[in-house]
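We did not get these values from a lab; they are worked out from the coordinates using the rules stated. As the structure is a prediction and not an experimental result, all values here were calculated from the model. Don't worry about glycine lacking a Cβ; one is built from the backbone with ideal geometry, like all the others, and counts go over all protein chains shown.
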Amino acid sequence: MYFCDIENREAKEVVPGIRIRTFWGENMLLSDVELDPGAQLPVHSHPHEQAGTVISGLLTLTIGGETRDLRPGDAYIIPGGVEHSAIAGPTLTRVIDIFSPVREEYKY
C-alpha cells in the first residue's frame with residue numbers, strides 16, 4: 001500500500017476512548033491515533049521503538065518516569081522496552097505514531 005486513506009480507514013478501539021487507524025510496510029507501522037477527552041493509556045511497554053507527534057489537542061505523556069505536557073508539533077521517541085503511559089487533555093487529541101518493527105497486533 002503506497003498511499004494511506006486515513007479518513008476512510010475503519011478505526012479500531014485499543015482501550016476505551018482510544019482509537020487507531022494503521023498502515024504498515026515491511027519494517028514500520030504508521031498509526032493515526034484519536035484520544036477522547038480524558039482518555040487514559042495505561043502504563044505499558046513493548047519491544048518496538050515508537051516515535052510520534054501531537055497533531056491536535058493536549059497529551060500528558062510519561063516516558064521512563066518523566067512526564068511532560070505535549071501540544072501540537074511536539075514530538076517524542078520511546079525506545080523499545082521503556083514503560084510509558086498517556087492521558088488526553090480536555091478536548092479530542094490526535095497523535096501520529098510510528099512503530100518499528102511492525103506491531104503485528106495493530107495490523108487489521
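With each pseudo-label sitting 7 Å past Cα toward Cβ, what's the Ser85-Ile98 distance in nm, one decimal?
Placing both labels 7 Å beyond Cα along the Cβ direction yields 2.9 nm.
Which GluC sites (Glu not before Pro) in region 1-64 sit in a loop by DSSP (not H, G, I, E or B) and have at most 16 other Cβ atoms within 10 Å of their own Cβ?
Counting only loop positions with at most 16 other Cβ atoms within 10 Å, the GluC sites (Glu not before Pro) in region 1-64 are Glu7, Glu10, Glu26.
What number comes out for the charge environment of Gly17, summing +1 per Lys or Arg and -1 per Asp or Glu over other residues with Cβ under 12 Å away?
Numbers: positive: Arg19; negative: Glu13, Glu34, Asp36.
My count for the surroundings of Gly17 gives -2.
How high is the relative contact order of the chain? Use alpha-carbon pairs under 8 Å, at least six apart in sequence, and give a whole percent. All intermediate terms of the calculation are to be shown ahead of the outcome.
Details: 263 pairs, mean separation 35.6, N = 108.
The value is 33 percent.
In whole Hz, with x marking every Gly and Pro, tabulate ³J(HN,Hα) for region 102-108 from phi via Karplus 6.51 cos²θ - 1.76 cosθ + 1.60, θ = phi - 60°.
4, 7, 4, 5, 9, 7, 8
Run through region 1-70 and list the chymotrypsin sites (Phe, Trp or Tyr not before Pro) located in a DSSP loop whose Cβ has at most 12 other Cβ atoms within 10 Å.
Listed in order of number, the matching sites are Tyr2, Phe3.
Filter the GluC sites (Glu not before Pro) in region 55-108 to those in DSSP coil with at most 11 other Cβ atoms within 10 Å of their Cβ, and list the result.
On the way: sites: Glu66, Glu83, Glu104, Glu105; in loops: Glu83.
Listed in order of number, the matching sites amount to none.
Which is the longest part of the chain that has none of the trypsin sites (Lys or Arg not before Pro) sitting in a DSSP loop with at most 14 other Cβ atoms within 10 Å? Numbers along the way, then the final one.
Details: sites that count: Arg9, Lys107.
After excluding every exposed loop site, the longest remaining stretch is 10-106.
Any idea how far apart Val15 and Thr60 come out in nm if each label point goes 7 Å out from Cα toward Cβ?
Distance between label points: 1.4 nm.
Once you put a point 7 Å from the Cα of Glu105 and another 7 Å from the Cα of Arg71, both along the Cβ direction, what distance in nm separates them?
It is 3.4 nm.
Per the Cauchy relation, a quarter of the hull surface: what is the mean projected area of the convex hull of the alpha carbons in the chain, in nm²? Show your work: numbers first, answer last.
Working: hull surface 25.2 nm².
In nm², the orientation-averaged hull projection of the chain is 6.3.
Each residue of region 16-30 in turn: what ³J(HN,Hα) in whole Hz from Karplus with 6.51, -1.76, 1.60 and θ = phi - 60°, glycine and Pro shown as x?
x, x, 10, 10, 10, 10, 10, 9, 8, x, 6, 10, 8, 10, 9
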